Amino acid sequence: MTRFWTIKFLRTILTLWFVVTFAFVVLRTSGDPVVALIGADALPAEIEQFRRQWGLDQPLFVQYLRYVGQMALGEFGTSLRDQRPVIDIIMERLPATLALGLVAYGAALVIGIPAGIAAALRRGRTLDRAIMAFAVFGFALPNFFLGILLILFFSLFLQILPSSGSGTLAHLVMPAITLGTFTAGTLARFTRSAMLEVLDRPYMRAAAAKGVPAWKRVLFHALPNAAIPIVTVIGLNLGQLIAGAIVVETVFGWPGIGRLLVQAVSSRDLAVVQALVLVIAATMVLANLLVDLLYGLLDPRIRGGAR
Amino acid sequence: MITRRTFGKYSIGVGALAFPGYARPLRAQGERPTLTVAVDNLWANIAPINGISTTTRRFFPNFYSHLVERDYISDEQGIELKPGLATEWSRDGKVWTLKLREGVKFHNGETMTAEDVAFTLGPERLWGEEPFEPRGKTFTAGFVRVEAVDDLTVEIETAEEDPFIPGKLTGYIGFVVPKAYYLEVGVDAFGQAPVGTGPYSVATFRSGEVLELEAFDEYWDGPPPAARVVWRIVPEFAGRMAGLVSGEFDFMVNIPTDQEPQLESYDGVTVARALASNYPAFAFNTRADPENNPLVDVNLRKGMVQAIDMHAIVQALFGDKTFHPDVPFNFPEYGDYYRPDMENPLPYDPEAAREKIAASGYDGQVLDWHITRQFYPNYEAAAEIMVEMWRQVGVNVRAEILDNFELVYTRPYHMMNMSMSTDFIPGDPYQPLWLDWGPTSSRATAQWKTWDPTPEYLAAGREFEAAITFEERQAAFEKLRQAWLDVYPGYYLWKSVYNWAHRADIEWIARPDGEMRMFGDYLTLPA
């Protein structure tokens, strides 16, 4: 078991190192940070001073080593763009993204899974068709488009919700709907097909024959057996949630890390991008780890340690 | 029938039920309001020079004050200067003497002295070896000494006689900073929590989100009309529009030209415009880099200029909201230097264009035009039409729309987009003809440079720099412009238009420099 966890841990470190290196290479080869940061019309002398100040005059390899060294020590460095510690900038933005993500994700779970179960139980009927139509709508509609539609409807016509920003519960409604719709739609579809697969199994018929009430059969016999694919989708969708946040935060002016990432990339603010990439990668790795653990809880065969 | 408008009315009732907490606070009689401005962007750093940008220019004068002001209220072109933090200025040879306003307070309670002004304009901050705000060098060329003579007197000495110092002080370098606080916190921290002498002080600044200003009642020109001014980033145009129409915002910036009628159709919304002191343009790459660059031949460049019917393009894209300057550097904002009747040496004439292009020996090779995506309104649309006009006369241009300026600056290219301001010295043709094209400009020195100034241009430029009287300067300017026109290294498209929208019951005067002044004669709030 120790060996299993050691390998998992090393693999995680390796993944994060790959991610960080990849971000460094892509950013440095796609544009000069100095031009992006101090403007197109800066004179050569000004550019030189800036380069020296930030160590950008060093060979790329030296910059890379220094950078990875700092990362290993847990130092995220200083933002080139506003000269503040990167960790401060991220901590300032992280709560907003977490709040939005949790609400959107919570709503997606609460709506998506029951909707999927209901659709499976009413397979082929009107309810099933209606739910699946909404699900397709949910994951087929691009985030930015849905967001703008909501703004036009709720802010411009109805005038009941603020068009952007954060601060009150009312500000959270539209971004959360926009962000959660995709996940809810996906979850409903996966839950439906996973449930359909187990509803016809012999143990379900056996339970029915024993006289177990319908709600107990669904909740205690079918759902745990259908849970593995659902949990997998939940884990994978966490990535979608972060990717979606980039778009949703831009559309709604939500002050989270998604928009920070967009701003940092466009100004080649390497330190911020790297730190954010690391945060996002770590989140993904953690989510996958949690999914692995949940598999163990859900399925005794996996828990048995066959791996 | 429920129409769009009545639908809105009904739904407001529904909304009041749904979110009782979300309603604009009612204002008690006589109490000053909070104004909210929806902007597309703020800036990472809001120190006066390190923070130079179109987006910062909007709000800077609300918390920094200039030494010298441009008077746009009595003169549309703003050529007249009037006192700001400096009340008088006079020149004796190479030395300018500024008299400062008495009793001006900084937001931190300190009183402004000549020491602060000398530091603001001095080598330590702007033009020394390793200055705090290195871009200051561009705006302080020729400065050799800045000194506080007594509490309210400052002297500026320049290497050559420079009659234009007061005009230059209307720009970013004229925003006065408090020396002690600036040195105590350092330039980077200052850029996050700046202190100035303007009518509002900075209460909160989060660069990616919001800038909140608070009334500063000790402002030298009297208390400002609003209690707070909040500049909030709303990246999406639909969000800015929805918020303005619903009353959530009082002002918004940056309206796509084709969306103006939509906004104007709403009750309670006014669209404001101003012709900016700025011209989008393109540069011809006149150098043999790439080696086989056919644009090194001036005939091809002039032929291409004569193939463009720019008046028709401007009319199609902007209507009457702006214009195309027929002759480069003959701009109306140049006051006495402007000649409305000047003849265009290269008018639209496809026949003449074909002749010149044939004379150049151009063989039909593709010319790459690097353009920054969505940077100048309508630029891409105009480029598309120009490419077609050039095709008509046998020139093959490929407009490459690129994501950012780094890509635009990446060689090889034959043409590139740019824009140039005209307001560094109010009413004077110094910029862009000499400042932005001259021998020290990035256009002539950077890795991506597009031309090498000709000997004639350099000689005329030196004469222009040394000229003191209007007559001398005008003569030198005409010579300098002719030297530029002889080689035609670029082309000016139209005068930029800034636009804004605001609540219709607010009276507000827009300025061509893009400043959004929430005080003084520029803003009148409803009683």
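Read-outs: derived from the displayed coordinates by stated rules, not from any lab. Here the structure is a predicted model, which means the values were calculated and not measured. We place every Cβ from the backbone using ideal geometry, glycine too, and count neighbours over all the protein chains shown.
List of remarks:
- Once both labels are positioned 7 Å from their Cα atoms along Cα-to-Cβ, the gap between residue B:161 and residue B:374 label points is 5.2 nm.
- Assigned charges on the beta-carbon of Lys, Arg, Asp, Glu; chain B dipole about Cα centre (debye): 1480
- Average projection area in nm² (convex hull over Cα atoms of the stretch A:202-307, one quarter of hull surface): 10.1
- Approximate spin-label separation residue B:145-residue B:388, in nm, with each point projected 7 Å along Cα-to-Cβ: 6.3
- Computed E for residue B:525/residue B:74 - FRET, C-beta separation, R0 22 angstrom, nearest 0.05: 0.50
- Computed from backbone phi, the HN-Hα couplings of the stretch B:83-100 come to x, x, 6, 9, 9, 9, 8, 8, 10, 10, x, 8, 10, 9, 10, 9, 9, 9 Hz, rounded to whole numbers (Karplus: 6.51 cos²θ - 1.76 cosθ + 1.60, θ = phi - 60°; Gly and Pro given as x).
- Residue by residue along B:400-406, Cβ atoms of other protein chains within 10 Å of the local Cβ number 4 on average.
- Projected-area average for the protein assembly as shown over all orientations - Cα convex hull basis, square nanometres: 43.3
- Taking other C-beta atoms within 10 Å as the exposure proxy, B:409, B:172 rank B:409, B:172 from fewest upward.
- Scanning residues 5 or more positions from residue A:79 or on other chains, those with amide H under 5 Å from its amide H are A:84, A:86, with H placed 1.01 Å from N in the peptide plane.
- Alpha-carbon Rg/Rh ratio, for chain B, with Rh computed the Kirkwood way: 0.99
- Rounded to the nearest 20, the size of the Cβ-charge dipole of the stretch B:280-492 about its Cα centre is 380 debye, with Lys and Arg at +1 and Asp and Glu at -1.
- Counting only other chain Cβ atoms within 10 Å of each residue's Cβ, the peptide B:125-134 averages 2.
- For chain A: rounded, prolate or oblate by the Cα gyration tensor [a/c cutoff 1.5]: oblate
- In sequence order, calculated HN-Hα J values of the stretch A:179-195 (Karplus, 6.51, -1.76, 1.60; Hz; x Gly/Pro): 6, x, 4, 4, 5, 4, x, 4, 4, 4, 5, 5, 4, 4, 5, 5, 5
- Residue mean of other protein chain beta carbons inside 10 Å, A:169-180: 1
- Of the GluC sites (Glu not before Pro) found in the stretch B:246-320, the ones in coil according to DSSP and having at most 10 other Cβ atoms within 10 Å of their Cβ are B:291.
- Computed from the C-beta positions of residue B:287 and residue B:381 and an R0 of 30 Å, the FRET efficiency is 0.55 to the nearest 0.05.
- Seen through its C-alpha gyration tensor, with square-root eigenvalues sorted a ≥ b ≥ c, the stretch B:64-190 comes out rounded because a/c lies under 1.5.
- In Hz, Karplus ³J(HN,Hα) per residue of the stretch A:94-108 (6.51, -1.76, 1.60; θ = phi - 60°; x = Gly, Pro): 4, x, 4, 5, 4, 4, 4, x, 5, 5, 4, 5, x, 4, 4
- Spin-label pair residue B:153/residue A:75, simplified geometry with 7 Å Cα→Cβ offset, distance in nm: 5.1
- Taking amide H as placed 1.01 Å from N in the peptide plane, the amide H of residue B:372 sits under 5 Å from that of B:402, B:417, each at least 5 places away or on another chain.
- Available extension along the chain between residue B:475 and residue B:102 is 130.2 nm, counting 0.36 nm per residue and deducting the alpha carbon span.
- Cβ-Cβ distance of residue A:193 and residue B:505, R₀ of 35 Å, FRET efficiency by 1/(1 + (r/R0)^6): the value works out to about 0.05.
- Under 5 Å, built H, 5+ apart or other chain: amide partners of residue B:249: B:244
- Once C-alpha pairs closer than 8 Å and six or more residues apart are averaged by separation and normalised to the residue number of the stretch B:64-190, the relative contact order reads 29 percent.
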